[in-house]
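Report on the structure given below.
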Amino acid sequence: MSKLEFNQLLLNNADFLKPFAINLTRDSEAAKDLYQETLFKAIANKEKYNVGTNIKAWLFTIMRNIFINDYRRKSRQQTIFDSTQNDFLLDYNQTAIANTAEGKLRLKEIHSIIYELPEIFKTPFMLYFEGYKYHEISDMLHEPLGTIKSRIHFARKLLKEQISRY
């Protein structure tokens, strides 16, 4: 297939790409960019097109792949576009430095409240907190499953009351 024939075939079958681009991007400007990039890639890779193959399916595949690759690239960059008057790119990874001393004090307070719980609630709660399942705790403490669940529930309730006082 000659270059002129391919370009004519491409132009005759490219109009259906516009609604597909809008459907993918949900933005008319981004859809125009996606449409242009698709046509550019199709022209650049015309030797990969097999004569007799469905040109529409080939173009759909190119567009979809471009869209997916751009989406993945943007998600890896973790940047968001702020469309204010000056159009800034904001870095999503900017974080404030946490005051670890305050957090450690709070954690010590929580641990002291946990250790002030009555033994009947503290033991099942601590086992649950360490990652054991209800049935495992029940087997370890030789108590019925419902009893273990209610003790953990009451321990949470007591902790919530104590912590809300602070």
Could you please rank 70, 139, placing first whichever residue has the fewest other Cβ atoms within 10 Å of its Cβ? 139, 70
Can you give the charge dipole size of the chain about its Cα centre, rounded to the nearest 20 debye, using +1 on the beta carbon of Lys and Arg and -1 on the beta carbon of Asp and Glu? 240 debye
What are the ³J(HN,Hα) couplings of the range 45-62, residue after residue, when phi is run through the Karplus curve with 6.51, -1.76, 1.60 and θ = phi - 60°? Round to Hz, x for glycine and proline. 10, 5, 5, 7, 7, 8, 4, x, 6, 5, 5, 5, 5, 5, 5, 4, 5, 4
Between the range 8-84 and the range 142-166, the alpha-carbon center distance in angstrom: 56 Å
Could you list 64, 151 so that the one with the fewest beta carbons within 10 Å of its beta carbon is first and the one with the most is last? 64, 151
P(r) of the range 100-164 over all Cα-Cα pairs, 5 Å bins starting at 0, rounded to whole percent, reads 4, 18, 27, 21, 15, 9, 4, 2, 0
Quick one: what does P(r) look like for the chain with 10 Å bins over all Cα pairs, in whole %? 8, 21, 14, 10, 12, 15, 13, 6, 0
Give me a comma-separated list of calculated 3J(HN,Hα) values for the range 119-134, in order, Karplus coefficients 6.51, -1.76, 1.60 applied at θ = phi - 60°, integers in Hz, x for any Gly or Pro. 3, 4, 9, 5, 4, x, 5, 5, 5, 5, 4, 6, x, 6, 7, 3
Looking at the range 120-166, which GluC sites (Glu not before Pro) are DSSP coil and have at most 10 other C-beta atoms within 10 Å of their C-beta? 130
In Hz, Karplus ³J(HN,Hα) per residue of the range 16-26 (6.51, -1.76, 1.60; θ = phi - 60°; x = Gly, Pro): 5, 6, 4, x, 5, 5, 5, 4, 6, 8, 6
Distance check, please: which entries in 74/160; 108/133; 3/32; 104/157 exceed 31 angstrom between their Cα atoms? 74/160
Count charges around residue 18 for me, please; just the other residues with Cβ under 15 Å from its Cβ, Lys/Arg as +1, Asp/Glu as -1. -1
Going by alpha carbons, how many degrees (0 to 90, nearest 10) lie between the helix axis of 100-115 and the longest principal axis of the chain? 50 degrees
Selected from 164, 144, 121, residue furthest toward positive end of dipole (the range 100-164; charges at beta carbon): 164
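Throughout, read-outs are computed from the coordinates displayed, never taken from laboratory work. Not measured: the values here are computed from a predicted model. Don't worry about glycine lacking a Cβ; one is built from the backbone with ideal geometry, like all the others, and counts go over all protein chains shown.
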